[in-house]
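Heads up: the structure comes next, in structure tokens.
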Amino acid sequence: MDEGSTSLLPDSLVYQIFLSLGPADVLAAGLVCRQWQAVSRDEFLWKEQFYRYYQVARDVPRHPAATSWYEEFQRLYDMVPCVEVQTLKEHTDQVLHLSFSHSGYQFASCSKDCTVKIWNNDLTISLLHSADMRPYNWSYTQFSQFNQDDSLLLASGVFLGPHNSSSGEIAVISLDSFALLSRVRNKPYDVFGCWLTETSLISGNLHRIGDITSCSVLWLNNAFQDVESENVNVVKRLFKIQNLNASTIRTVMVADCSRFDSPDLLLDAGDQATLPCRVFDLGGDSEDEEAEPSLHAPGRVKEGLRHMMDGILDGHAQLSDCALETRVAELLAQGRTKPPEPNTADARNKYLIFTTGCLTYSPHQIGIKQILPHQMTTAGPVLGEGRGSDAFFDALDHVIDVHGHIIGMGLSPDNSRDFVASGAEDRHGYIWDRHYNICLAKLRHEDVVNSVVFSPQEQELLLTASDDATIKAWRSPRTVRVLQAPRPRPRPFFSWFASHRR
């Protein structure tokens with residue numbers, strides 16, 4: 001059909017024909033003439049193409065930020081980082097964790113080869129530094145985090161102590177000189193640790209006080225341990241939190257926010273404020289015990305528990321030891337939650353978030369504890385501050401029961417509101433859309449994918465780490481097209497899409 005000739009088909013019929021075509025064919029047909037191009041951009045046509053191609057439920061509306069169905073289709077197809085652009089093979093064993101700097105210019109990787117590697121994130125990624133932690137009796141590195149101004153790197157790993165006992169350790173590395181500044185013990189090792197301020201970090205310690213009861217002590221540590229004065233604290237205890245049924249605090253992280261954005265997700269603290277919270281000296285071991293009031297022998301454990309249950313049983317048959325301990329664990333877990341602290345004048349409140357539990361060893365709860373401004377420095381008393389003599393443990397502000405085993409947590413950066421990435425044991429990484437709840441891409445590795453991370457400054461760049469000892473960099477089709485375009489003006493999306501099928 002000539003460009004200037006009259007159309008032989010009305011728009012409605014062309015529209016019906018285009019409905020039977022796939023998106024690539026619609027875009028190709030739109031190159032024929034002006035009439036077909038106009039029909040190929042019809043909003044109702046692309047709404048149908050969108051729901052059909054991505055298999056989205058019809059009751060899910062278009063994303064509130066989208067301006068048209070065509071542009072929304074283009075965004076999900078053209079801006080998802082699904083094109084492998086580089087494979088990094090410098091690690092010699094399983095790669096366990098990846099973390100980006102806040103600027104996005106660097107990232108770090110941890111591995112079973114016991115190294116922490118720091119990379120330069122440019123168009124071509126290159127290795128800047130590799131720190132071998134084996135001389136410090138580490139078994140492997142497992143986690144890293146940049147501080148807020150990207151001047152220091154926190155790296156945690158598994159430390160081999162005497163008699164082959166394994167706990168954790170945290171190392172602080174300068175990103176200017178790549179020098180090792182300090183090392184802090186961390187028990188258990190899956191506390192991981194995290195930054196609280198630019199120069200202070202949180203670590204953990206575990207103390208047994210009974211057969212199935214323990215407490216986790218969280219410490220604030222100065223990143224620079226070599227202070228000039230012996231009167232300057234380099235560590236300070238933040239919280240002492242009771243653990244139940246052999247569960248421990250793990251995966252600690254700090255959230256920076258002015259208020260709870262979703263109070264409906266939190267437990268009703270008002271009802272729990274009236275619950276009794278009694279704590280007994282349940283006995284414990286002497287190993288790793290800190291300077292606290294002496295505890296009774298383990299033989300007093302069940303006696304103390306039965307005294308607590310006297311008012312509850314009230315004539316009923318005596319429970320077995322296992323059932324008794326489980327019932328008391330439930331009551332003590334209720335008492336661990338307290339009403340939230342009144343809001344302070346600090347515009348940026350910080351909250352400690354971690355996994356915990358009360359009925360099983362596996363963590364199935366998320367604990368939240370507000371960190372007050374005076375607690376964000378190592379200055380002041382080292383032990384027992386902020387707790388009266390009648391409060392042996394610090395109560396949590398909120399506990400969220402997830403009703404399932406929690407194996408990891410993460411805080412989403414502001415620019416990742418649309419896409420979510422995950423790794424899996426099926427040798428793939430996955431990219432999901434939050435709004436439409438659909439899988440947008442599968443990213444293949446040769447073994448289990450352990451870590452996935454978006455660039456904080458460029459959502460169209462994703463890194464994946466795997467047990468196959470590689471790190472893969474993935475970019476969006478749009479970015480790849482721009483970088484590879486031989487001409488100043490890259491090909492538009494519709495012509496590129498017409499010649500490529502995912």
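The values are calculated or read from the model by the stated rules, or taken from the named source; none is laboratory data. These numbers come from a predicted model, not from an experiment. With ideal geometry, Cβ positions are generated from the backbone for all residues, glycine too; neighbour counts draw on all protein chains shown. What goes into the accessible areas is simple: the full protein's heavy atoms, side chains included, and nothing from ligands, DNA or RNA. Shrake-Rupley method; radii C 1.70, N 1.55, O 1.52, S 1.80 Å.
Worth a mention:
- At most 16 other Cβ within 10 Å, DSSP loop - chymotrypsin sites (Phe, Trp or Tyr not before Pro), the range 34-139: Tyr105
- In the assembled protein chains, Ser103 presents an accessible area of approximately 40 Å² (probe radius 1.4 Å).
- Extension gain, Thr87 to Leu9, is 23.0 nm, computed as 0.36 nm per intervening residue step minus the present C-alpha separation.
- Under the combined filter of DSSP loop state and at most 12 neighbouring Cβ atoms within 10 Å, the range 1-96 retains these trypsin sites (Lys or Arg not before Pro): Arg58, Lys89.
- For the pair Ala38 and Met376, a Förster radius of 35 Å applied to the C-beta separation gives a FRET efficiency near 0.05, rounded to the nearest 0.05.
- Working from label points 7 Å from Cα in the Cα-to-Cβ sense, the Asp25 to Thr197 distance is 6.5 nm.
- Residue-count net charge about Ser151 - beta-carbon cut-off 14 Å; Lys, Arg +1, Asp, Glu -1: -4
- In a fully extended conformation the segment linking Glu71 and Glu425 would gain 124.1 nm over its present Cα-Cα distance, using 0.36 nm per residue.
- Computed from backbone phi, the HN-Hα couplings of the range 14-20 come to 4, 4, 5, 5, 5, 5, 8 Hz, rounded to whole numbers (Karplus: 6.51 cos²θ - 1.76 cosθ + 1.60, θ = phi - 60°; Gly and Pro given as x).
- Entries in Lys89/Lys442; Lys47/Lys442; Lys117/Lys236; Lys89/Lys117; Lys187/Lys240 that, when Cα-Cα distance is taken, lie over 18 Å: Lys89/Lys442; Lys47/Lys442; Lys117/Lys236
- At full extension, Ser151 and Asp176 could sit 8.3 nm farther apart than now, given 0.36 nm per residue minus the alpha carbon distance.
- Residue-level accessible surface for Ile400, protein heavy atoms, 1.4 Å, Å²: 40 Å²
- Residue order for His403, His102 - accessible surface, 1.4 angstrom probe, largest first: His403, His102
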